[in-house]
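What follows is a short report on a single structure.
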Amino acid sequence: MQYHAPKSTCNLCGKEYTQRGLTKHVKSCLTKRLYNQHGIPYLYIVVRSSFNHDYFFHLLLSPTTTLKDLDAFLRNYWLECCGHVSAFAFERWGEEIPMSRKVNKVLSPGKTLEYQYDFGSTTELQIKCIADITAVAKGKKKIQVLSRNTQPIIPCDACGKFPATRICTACQWDGAGWLCEKCAPGHDCGEEMYFLPVVNSPRTGVCAYDGE
């Protein structure tokens with residue numbers, strides 16, 4: 001089998017799209033379903049892994065959303081393992097932006113932020129503002145998920161026949177650590193080696209991250 005990223009679902013209409021067509025669709029779907037001239041100004045952003053764009057969130061942010069709120073969201077869904085430090089910046093490894101800053105004060109359509117979690121085994125994300133929209137959104141959440149990537153299917157390094165479900169932390173960087181349920185028990189490192197689960201996050205296999 002080969003590595004591939006399945007289609008992902010638009011939460012506004014329930015239709016599935018490839019990553020290539022998803023942003024265009026969600027932007028259009030927002031206008032059709034949520035636009036209201038008497039609403040309030042929201043930001044539509046896309047958060048992606050800096051090094052594997054198959055991991056992403058499409059989010060709708062209310063005008064009261066702060067970077068601290070976005071940081072908490074990303075930690076909760078994608079990142080939190082050991083309470084590591086995180087930061088937002090306009091450039092990679094640039095000056096930090098205070099977490100108290102409202103997102104609509106640092107982002108506007110076309111602008112991008114960089115985000116890093118854990119300055120040892122760092123997970124890096126890119127946050128791009130796609131559009132602003134005057135809307136009436138359902139619920140009172142500051143951050144609403146418009147779409148999230150479907151988990152990529154990563155083949156087992158040992159047999160290549162089945163999806164990997166476990167990661168040997170000693171071998172994953174040598175092309176031998178992503179293992180399916182059948183191959184993991186017979187892995188050369190044995191039961192003494194620490195295995196991590198394969199999860200739907202750009203932090204899969206890093207530090208002690210084991211999922212949401």
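For labels at residue 162 and residue 20 in the simple 7 Å Cα→Cβ model, what's the distance in nm?
Each label point lies 7 Å from its Cα, and together they span 3.2 nm.
Quick check: Cα centre of region 14-38 to Cα centre of region 82-150, how many Å?
Spelled out, the Cα-based centre of one part sits 20 Å from the other.
Report the full-extension gain for the segment residue 27 to residue 182: residue separation times 0.36 nm, less the Cα-Cα distance, to one decimal in nm.
51.6 nm
When only alpha-carbon atoms count, how far does region 147-212 stretch along each of its three principal axes, as whole angstroms with the largest first?
For region 147-212, the Cα spread along each principal axis is 39, 26, 18 Å.
Using Cα springs under 10 Å in a Gaussian network model of the chain, which residue among 194, 17, 55 shows the largest mean-square fluctuation?
Largest GNM mean-square fluctuation: 194.
Whole-Hz ³J(HN,Hα) for each residue in region 71-88, computed from phi via Karplus 6.51 cos²θ - 1.76 cosθ + 1.60 with θ = phi - 60°, x for glycine and proline: what do you get?
Those phi angles translate into 4, 5, 4, 5, 4, 5, 8, 10, 10, 4, 9, 9, x, 5, 6, 9, 7, 9 Hz.
Amide H of residue 131: which non-local residues (sequence gap of 5 or more, or other chain) have their own amide H closer than 5 Å, using H built in the peptide plane?
Counting only residues 5 or more places away or on other chains, the set is 44.
With a cap of 11 neighbouring Cβ atoms within 10 Å, and only residues DSSP puts in a loop, list the GluC sites (Glu not before Pro) found in region 37-125.
91, 95
From zero up to wherever the largest Cα-Cα distance of region 8-148 sits, split into 10 Å bins and tell me the percent of pairs in each.
Pair shares across the bins are 11, 44, 34, 10, 0.
Taking H placed 1.01 Å from N in the peptide plane, check which residues at least 5 places from residue 147 or on another chain put their amide H under 5 Å from its amide H.
11, 58
With θ taken as phi - 60° and the coefficients 6.51, -1.76 and 1.60, list the Karplus ³J(HN,Hα) couplings across region 135-142 in order, rounded to whole Hz; mark glycine and proline as x.
8, 10, 9, 6, x, 10, 5, 5
About its Cα centre, what dipole magnitude does region 1-154 give when the only charges are +1 on Lys and Arg Cβ and -1 on Asp and Glu Cβ, stated in debye to the nearest 20?
Charge dipole, region 1-154, about its Cα centre: 820 debye, nearest 20.
For region 155-165, take each phi angle, set θ = phi - 60°, evaluate the Karplus expression 6.51 cos²θ - 1.76 cosθ + 1.60, and give the result in whole Hz per residue in order, putting x for glycine and proline.
Karplus-based 3J(HN,Hα) across region 155-165 equals x, 4, 5, 7, 10, x, 9, 10, x, 5, 10 Hz.
Computed from the coordinates by the stated procedures, all read-outs in this text should not be read as laboratory data. None of the values given here were measured: they were computed from a predicted structure. Note that each Cβ is placed from the backbone with ideal geometry, even for glycine, and that neighbours are counted across all protein chains shown.
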